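Derivation of every value follows stated rules applied to the coordinates shown; laboratory data play no part. Computed from a prediction, not measured in an experiment: that's the story for all the values here. Here the Cβ is made from the backbone with ideal geometry for all residues, glycine too, and neighbour counts use every protein chain on show.
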Amino acid sequence: MKKIAAAVVGLIVVIAFGYWLSQGRHDADGDGLVLHGNVDIRQVSLAFEGNGRVEQLNVDEGDAVKAGTVLARLDTTTLSLQAEQARAQVSASQQNLLRLQNGSRPEEIRQARERLAAATSDARRAGEDLARVEAISERTDGRGVSRQEIDGARNAAKVTAARAREQKEALRLAEQGPRAEDVAAAQAQLKGTQAQLALLEHQIAQGELRAPENAIVRSRLLEVGDMASPQRPVYELALTSPKWVRVYVDEADLGRIKPGQSARVTSDSFPDQPVAGKVGYISSVAEFTPKSVESEELRTSLVYEVRVRVEDAQNRLRLGQPVTVRIAAGTAR
């Protein structure tokens, strides 16, 4: 009988202890949950997109940086010189295109007309000389002029007539202006030089390493003078906004929380100053794979990950810090 009584007392103690444990995870009013976890560490490894020598490092480990802050710079002297050369090429291409688009100047057209007038006058005079020589030859039956003189006058008339036609065509081209194909080629050349300049300016901009978000510098991995590359991070940053708290909830309490529920997060450093938050994520998969055959008691021991998002304007929570999360019931949106 004493053994039976001892067993009954032990069973009562175990049941009471289990009830106390289960009640300890709930608020005093019995409607909310009390969970324990840690502030998540979200880390970013920053590296330059190109290769080069580190010229400047602006922050050290532990420094707080704002989004867009320049953390480091590469030596971009060579790229800057190439960019200056590309700017000169862009300027030359712009002037060439402008020249073609404006066409011939009035002075050039006037000169072309004057050259045509002179060539036409020469052709007319050569024609008159040829006619006079031929007339003399006819009147004298070929004795007044030699055959050589006639051939010379005829060749001079042909040359001057060809020169007149050439100047006439030159005037027509000057009045019409450049061909559309020449203008299109000049435009394409200008676009090519502009693209080359934009590429160099982009590469120069990549020589600055900027913080993507508000963060804390966790590690400084390179020093001034080191060779940087996309495969070698320069800094490791811990993101500070927003902060996430990772906690775990039992399977039995899984139905008591929903995304959007209000939460209060406290730490040992500020136990009376809770930070407001909301449930942002509830895992749909248990952390531990259950056995194929399990008892009802074993199913209730499974846990699910829950993340609570907090806006810690006073910076009371530190990354990785253990915290207590109290989730109020009935506040899901």
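Descriptive notes on the structure:
- A straight Cα-to-Cα reach below 18 Å connects Lys66 with the aspartates and glutamates Glu208, Glu213, Glu236, Glu311, Asp312, residues fewer than 8 places away in its own chain not being considered.
- Computed E for Glu311/Gln43 - FRET, C-beta separation, R0 25 angstrom, nearest 0.05: 0.80
- For the range 97-226, a crude dipole built from +1 on the beta carbon of Lys and Arg and -1 on the beta carbon of Asp and Glu, taken about the Cα centre, is about 440 debye to the nearest 20.
- Tail fraction, Cα-Cα pairs, the range 85-200, threshold 18 Å, whole percent: 67 percent
- In order through the range 275-282: 3J(HN,Hα) via Karplus (6.51 cos²θ - 1.76 cosθ + 1.60), integer Hz, x for Gly, Pro: 9, 6, x, 9, 5, x, 8, 10
- For Val323, the amide hydrogen comes within under 5 Å of the amide hydrogens of Gly37, Asn38, Val39, counting only partners 5 or more places away or on other chains and with H modelled in the peptide plane.
- Label-to-label distance, nm, for residues given as Asn96 and Glu251 (7 Å Cα→Cβ offset): 7.6 nm
- Scanning residues 5 or more positions from Leu221 or on other chains, those with amide H under 5 Å from its amide H are Tyr235, Glu236, with H placed 1.01 Å from N in the peptide plane.
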